[in-house]
Amino acid sequence: MVPFEKHVFVCTSGKTCPVESNSPGVHARLKELVLKAGLNSSIRINQSGCMGQCGYGPMVVVYPENVWYAAVKVEDADAIFTEHLVGGKPVERLLYHPLKPGPNKKPKIPPPAPQEP
């Protein structure tokens with residue numbers, strides 16, 4: 001017997017996911033939905049450290065299925081909860097398709113050079 005049927009990790013660390021993409025809001029919404037449905041003994045929602053995919057976040061990963069979601073917004077949390085966590089089907093439009101295994105951080109684009117008058 002395992003403690004949880006599903007374990008969900010939301011990246012809430014670094015500069016990109018929490019600051020630029022509101023991953024704490026995604027985490028809070030998923031926790032709220034699980035609690036409201038009374039599923040907190042079978043579905044665990046956790047904050048996580050960096051998942052090495054900076055620039056594609058917030059990243060959300062669901063185990064044991066090993067399903068990765070990218071660019072998740074607070075309003076997407078409802079679909080992940082209803083369709084995937086309860087319904088068993090991953091949300092296709094949010095699936096992350098990495099370029100290669102491992103870190104896939106988007107390169108930082110340098111700011112444009114100042115224009116001379």
| query | Can you flag which of Lys6/Lys105; Lys36/Lys73; Lys36/Lys89; Lys31/Lys73; Lys6/Lys73; Lys6/Lys106 are past 18 Å Cα-Cα? | reply | Lys6/Lys105; Lys36/Lys73; Lys36/Lys89; Lys6/Lys73; Lys6/Lys106
| Each residue of segment 7-16 in turn: what ³J(HN,Hα) in whole Hz from Karplus with 6.51, -1.76, 1.60 and θ = phi - 60°, glycine and Pro shown as x? | 10, 10, 10, 10, 5, 10, 10, x, 9, 7
| message | Ignoring everything except DSSP H segments at least 4 long, calculate the 222 nm mean residue ellipticity for the chain; use -39,500 (n - 2.57) per segment, divide by total residues, nearest 500. | response | -4500 deg cm²/dmol
| Where Lys and Arg each count +1 and Asp and Glu each count -1, what net charge lies around Lys73 among other residues with Cβ under 14 Å from its Cβ? | -2
| request: Please arrange Ser48, Ser23 by counting, for each residue, the other beta carbons lying within 10 Å of its beta carbon, fewest first. | output: Ser48, Ser23
| Of all trypsin sites (Lys or Arg not before Pro) in segment 15-47, which ones are in loop regions per DSSP and have a Cβ with at most 14 other Cβ atoms within 10 Å? | Lys15
| Of (1) 14, 38, 33, 13, 2; (2) 13, 47, 32, 7, 1; (3) 14, 45, 27, 9, 4, 2, 0, which is the value of P(r) over Cα pairs in 10 Å bins from 0, in percent derived from the coordinates here? | (3)
| said: Please give me the summed charge of the neighbours of Val91: other residues whose Cβ is under 15 Å from its Cβ, Lys and Arg +1, Asp and Glu -1. | reply: -1
| task | Tabulate in residue order the Karplus-calculated ³J(HN,Hα) for segment 51-57, using 6.51 cos²θ - 1.76 cosθ + 1.60 with θ = phi - 60°, rounded to whole Hz; enter x for Gly and Pro. | result | 9, x, 10, 3, x, 9, x
| field | Helix 23-36 axis, angle to the chain major axis (alpha carbon atoms, nearest 10°) | value | 10
| field | Only Lys, Arg (+1) and Asp, Glu (-1) charged, at Cβ; the chain dipole about Cα centre in debye | value | 240
| said: Please compute the length gained on full extension between Ser13 and Lys73, using 0.36 nm multiplied by the number of residues separating them and subtracting their Cα-Cα distance. | reply: 20.0 nm
| task | Just the isolated ones, please: cysteines in the chain lacking another cysteine beta carbon under 4.7 angstrom. | result | Cys50, Cys54
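So how much slack lies between Glu92 and Asn46, counting 0.36 nm per residue of separation and subtracting their Cα-Cα distance, in nm?
14.4 nm
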| What's the extension gain from Thr82 to Lys105 if we count 0.36 nm per residue and subtract their Cα-Cα distance? | 5.4 nm
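Values quoted throughout were computed directly from the atomic coordinates according to the rules given, and no laboratory measurement underlies them. Source: prediction; values computed, not measured. FYI the Cβ positions are ideal-geometry reconstructions off the backbone, even for glycines, and counts take in every protein chain you see.
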